[in-house]
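Have a look at the structure below, then the notes.
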């Protein structure tokens with residue numbers, strides 16, 4: 001959504017999610033548990049002259065609700081607890097997921113410069129992190145390929161600069177590439193000795209592509225050294241009112257320790273009415289010797305006879321759905337389920353089984369969305385010019401350091417569709433004398449069949465704004481909460497908010 005006018009002062013935005021999840025992982029290494037992964041994010045933004053300042057904060061209570069060993073997820077690897085690698089488990093998020101400030105300065109009508117920095121945030125590496133992608137908005141589980149694509153989304157110490165021009169954005173980061181330790185309630189600062197660069201291309205409002213590479217120093221505690229991570233991805237998003245379809249595909253490779261590990265994934269979410277359907281398919285070259293380590297073994301040399309450089313491909317296919325059950329005071333609750341099937345290499349059948357099946361039953365809760373919408377598909381240094389933020393009014397999953405920015409300079413508008421109201425060029429209209437009836441402020445002239453809320457008429461984007469039809473007229477709203485209130489009693493709402 002692109003905002004064509006920024007009100008004076010601060011604007012605030014929030015988003016988040018809580019999953020109350022029964023998790024059953026299949027195979028000999030599986031088990032069952034109840035966990036509550038969660039996160040919350042807030043943002044404030046305002047104009048400073050022609051520039052735009054944004055501050056962000058993102059937090060998680062995973063250390064308390066998930067535990068320091070995270071939740072079960074067979075074939076997952078990454079990070080360390082008590083000196084032992086986490087195997088067949090997804091690590092929890094830290095309390096401080098993001099604390100950052102972003103400043104965007106316009107250079108010309110189509111070009112801008114952004115600087116972003118903070119003690120916690122994300123560098124310019126990989127696709128949008130899985131918890132923030134609309135394509136995984138309803139999936140409670142992390143991808144098995146998380147540590148190939150977007151595990152740097154929480155880095156303790158980040159500085160990023162970006163230049164945007166039309167549909168292109170080039171970013172570069174200096175950051176601490178070491179992954180967080182097992183103490184999840186504090187910061188894990190380190191030298192800013194990792195670097196990354198990323199190029200984005202957004203040809204239109206639906207498609208977005210990125211290519212990135214980064215040199216990470218000592219990202220894994222038990223395997224110090226340099227990891228060269230390279231990723232490419234593409235995403236597609238189509239929306240009709242609150243219904244939407246989102247798709248993301250990606251390829252990534254980690255080159256380190258005399259070998260490479262490749263991964264690919266594709267995921268999709270389709271939301272129609274009160275129902276959501278989602279799927280994910282992925283394949284990842286895994287460290288076979290690591291996956292066969294007994295849970296209590298401290299290292300490969302003590303317990304495993306396999307070549308430590310051996311790699312075998314593991315596949316996973318997930319299907320799931322969510323039914324929205326209620327909306328109360330802006331909170332959105334739904335019940336969902338998901339099931340995952342695996343393709344297991346021969347070397348891992350003894351430890352994980354030939355055909356393990358995992359499933360989750362969960363309750364999903366989201367906080368009220370602000371008038372600016374939810375925080376989907378957002379990233380660091382994201383400009384408004386030609387790269388309008390995908391801020392949506394329906395659902396969300398996880399966000400990164402970059403926040404949406406209102407226009408910091410005049411924007412070249414796209415031509416309106418034939419037959420739609422044309423904006424008035426006030427620079428060519430003579431001003432009436434002060435005090436005359438013609439000089440009195442007036443609302444924009446709106447066709448009879450389209451009714452805008454006067455409180456946000458100048459910023460309403462008919463393509464993305466929440467709307468409802470009543471007695472042959474289409475009503476556009478400033479927020480999802482306003483639209484839901486209208487649907488409950490249109491007559492009472494219009495008496496309170498006449499148009």
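The values are calculated or read from the model by the stated rules, or taken from the named source; none is laboratory data. These numbers come from a predicted model, not from an experiment. As a convention, Cβ positions derive from the backbone with ideal geometry for all residues, glycine included, and neighbour counts pool all protein chains shown.
In segment 182-195, the count of residues that are at pLDDT 95 or above, touching a strand residue (DSSP E or B) at 6+ places or on another chain (Cβ under 6 Å) and either assigned to a strand (DSSP E or B) or not assigned by TED's automatic domain parsing to the domain that holds residue 364 (or both) is one or more.
Here's the yes/no breakdown for (1) outside any strand (DSSP E or B); (2) farther than 30 Å from residue 102 by Cβ:
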position	(1), (2)
47	no, no
52	no, no
64	yes, no
68	yes, yes
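Residue 103 meets the conditions (1) surrounded by 19 or more Cβ atoms within 10 Å (Cβ to Cβ); (2) touching a residue at least 40 places away in the same chain (Cβ under 8 Å); (3) over 22 Å from residue 368 (Cβ atoms) in every case but one. The failed one is (1).
Anything in segment 468-486 that is out of contact with any helix residue (DSSP H, G or I) (no Cβ under 7 Å at 6 or more places or on another chain) and either assigned by TED's automatic domain parsing to the domain that holds residue 366 or surrounded by 13 or more Cβ atoms within 10 Å (Cβ to Cβ) (or both)? List them, or say none. Reasoning before the result, please.
First pass over segment 468-486, keeping only residues out of contact with any helix residue (DSSP H, G or I) (no Cβ under 7 Å at 6 or more places or on another chain): 469, 471-474, 476, 478-484.
If the condition is that a residue be out of contact with any helix residue (DSSP H, G or I) (no Cβ under 7 Å at 6 or more places or on another chain) and either assigned by TED's automatic domain parsing to the domain that holds residue 366 or surrounded by 13 or more Cβ atoms within 10 Å (Cβ to Cβ) (or both), then 473, 474, 476, 478, 479, 480, 481, 482, 483, 484 are the ones that fit.
Would you mind listing the strands (runs of 3 or more DSSP E) fully within segment 304-367 where at least 1 residues are touching a helix residue (DSSP H, G or I) at 6+ places or on another chain (Cβ under 7 Å)? Filter on segment 304-367 gives 311-328.
Restricting 364, 379 to residues that are in contact (Cβ under 8 Å) with a residue 12 or more places away in the chain, in contact with a strand residue (DSSP E or B) (Cβ under 9 Å, 6 or more places away or on another chain) and within 19 Å of residue 18 (Cα to Cα) narrows the list to 364. Among the residues of segment 25-45, those identified as outside any strand (DSSP E or B) and in contact with a strand residue (DSSP E or B) (Cβ under 8 Å, 6 or more places away or on another chain) are 26, 27, 29, 30, 36, 37. For residue 125, state whether it is touching a strand residue (DSSP E or B) at 6+ places or on another chain (Cβ under 8 Å), modelled with pLDDT of 95 or more and more than 19 Å from residue 96 (Cβ to Cβ). In short, yes. For residues that are at pLDDT below 95 and in a strand (DSSP E or B), scanning just segment 217-236, find the one that is farthest from the chain's Cα centre (by Cα). Within segment 217-236, the match that is farthest from the chain's Cα centre (by Cα) is 223. Just one of the numbered conditions (1) buried (at least 19 other Cβ atoms within 10 Å of the Cβ); (2) in contact (Cβ under 8 Å) with a residue 60 or more places away in the chain; (3) touching a strand residue (DSSP E or B) at 6+ places or on another chain (Cβ under 6 Å) is not true of residue 86: (2).
When we screen 19, 59, 12 for residues that are buried (at least 22 other Cβ atoms within 10 Å of the Cβ) and closer than 29 Å to residue 186 by Cα, the only hit is 19.
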